[in-house]
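One structure below.
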Amino acid sequence: MKFEDFNKWFNRDFWRAFKDRTFPISVPDTPAAREAMVRKVYDSIISARYAPSIPEAEIVMNKGYGVTRTIPVFCIEDYIVFYFCIKELEDTLCGNRTPNTFGGWTLGGKLRSQESIEIESEATEYGRYSFNPDAWRQAFGEFNSLLFAQIETGAYPFILQFDLSNFYDSVRLEILQRWIREEASPEKGWVNTLLFYFLNQWNRRNTGLHPQAVGIPQDALADCSRIIANYYLQKYDKFAAALCAKVDAVYFRYADDQMILLRSTESIESLMLLLTRKLDRYGLRVNQKKVDLWEAPELQAHRCRSLQSIFQKTGDNQNPELVRQFVDAYILIPDTELNDTWNSGLPLLNRLLWANLESLPPDIFSTLIVRYTNEVYLLRADHQKLQRVYDLNAKATAPIDLKKKLYALTSEKVHNGFHFEVLLFARKLNDTALVLHTEGRIQEIEKQMMDNELS
């Protein structure tokens, strides 16, 4: 491969992904320096001197109850290699999509959004670390629209929902490599070899001298791993969709979250028997603690569909009457009921965050500010949400000291994903004291994790 053919993938779209990122990574500043970096990586590949580095840093996020999700941050050289391999193999990896499945959109692809992109799930939260964070939300909006459009016809009274246990950590690399080798064109064979050299070796801090045989990274720029993970499910998707069609059911999937729309419950055991056996062939397991059978009205209530539908069209969230209608209905939900809804009602707050809240009466506005400055919301917020909450709080009749609260939370909490978001927020605000404090806490947490590994 000539350098020009290698370098063509590293345009502004690639480098833009590293701008204003919360995770720590050293990236060349000028176009000349960037091209020099790409050439350095190209030369190392051509001369067979390339070797994956140990991740520069790790972002740890709280999945709930203190359970940690670790997100590695690769060096820029490794991101260049990873991105190059996926772009070269993209036609193979992103083709053959089964209808109603989402996760395999291309690195540059943008999906049509039928719902507000403020709707978020755990998967879209992970997508905050990606080349195109909006695409994750747009894909989830498309998934929601198609799913509930089918449910609202009344033809499918029951919905079976389940996901996979430790999906990314369970992908068998030898199976994945064989499939890509069989389906990609022969001239891409060396790209496939390079990709799996990286995937086998990036985690050697934990595997030692042994190549990694199972698992793909949930890395800080999540799109490359997303595409590989989605490809790993494509054969299963075709099987699942065909199996569901035999019993007049409809199969949906977003990432590893699966929904099956059913006309009756008679075929559930047979479906799960065959689906779980198929997944087992690929080393995958259904998370038995997250298998739910919903009746359609029950799922619609759980997802707060009647409330979400108030903002149907673009611009509805700027209409004072609709905003008031949404907020009034939201506030009337008792806390106990709200906690039982999807993600404890946080998607509703996210849906309102960018709405015309300034049009609300002061007392109602203040009620919302209390919820936005609640610890639970702040800990899940990225730097853009923190900025919006900061701006809204400043307009309240009795604003809280948000900087003081963030200072206290960063002092107390130990999952540094939150700290990196606060750090970028503080830098954009030019708050030197909060910047220095948060940087210090990140260093303390990193030392704590390293000391624990060495002890």
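The values are calculated or read from the model by the stated rules, or taken from the named source; none is laboratory data. From a predicted model like this one, the values you see are computed outputs, not experimental measurements. Positions of Cβ are generated from backbone atoms using ideal geometry, with glycine treated the same way; all protein chains shown enter the neighbour counts. When the accessible area is computed, the model is the full protein with side chains, heavy atoms only, and any ligands, DNA or RNA have been set aside. Shrake-Rupley method; radii C 1.70, N 1.55, O 1.52, S 1.80 Å.
Things to note:
- Full-stretch length increase - residue 49, residue 242 - with 0.36 nm per residue and alpha-carbon distance subtracted: 64.9 nm
- Cα shape, the chain, gyration tensor, a/c 1.5 rule: oblate
- GluC sites (Glu not before Pro) restricted to segment 135-209 and DSSP loop, no more than 11 other C-beta within 10 Å: none
- Farthest toward the positive end of the dipole of the chain, out of 374, 103, 350, is the Cα of 103, where the dipole comes from beta carbon charges about the Cα centre.
- Within straight-line reach of residue 63, meaning a Cα separation under 17 Å, sit the following lysines at least 8 residues removed in sequence or on another chain: 289, 290, 413.
- Mean projected area in nm² (Cα convex hull; one quarter of hull surface) for segment 389-455: 4.6
- Largest to smallest accessible area among 226, 285, 34 [probe 1.4 Å]: 285, 34, 226
- Placed amide H near residue 57: partners under 5 Å, 5+ positions off or other chain: 73
- Per residue accessible area in Å² of the chain, where ligands, DNA and RNA are left out and the probe is 1.4 Å: 47
- The modelled label-to-label distance between residue 340 and residue 439, using points 7 Å beyond Cα along the C-beta direction, is 4.9 nm.
- Surface accessible to a 1.4 Å probe, residue 63 within the full protein complex, Å²: 110
- Among 432, 186, 416 the positive-end extreme of the charge dipole of the chain (Cβ point charges): 186
- Trypsin sites (Lys or Arg not before Pro) within segment 316-397: DSSP coil, no more than 16 neighbouring Cβ in 10 Å: 395
- Note on residue 70 and residue 29: the model spin-label points, each 7 Å out from Cα along the C-beta direction, lie 3.3 nm apart.
- Distance (nanometres) between label positions extended 7 Å along Cα→Cβ at residue 179 and residue 314: 3.5
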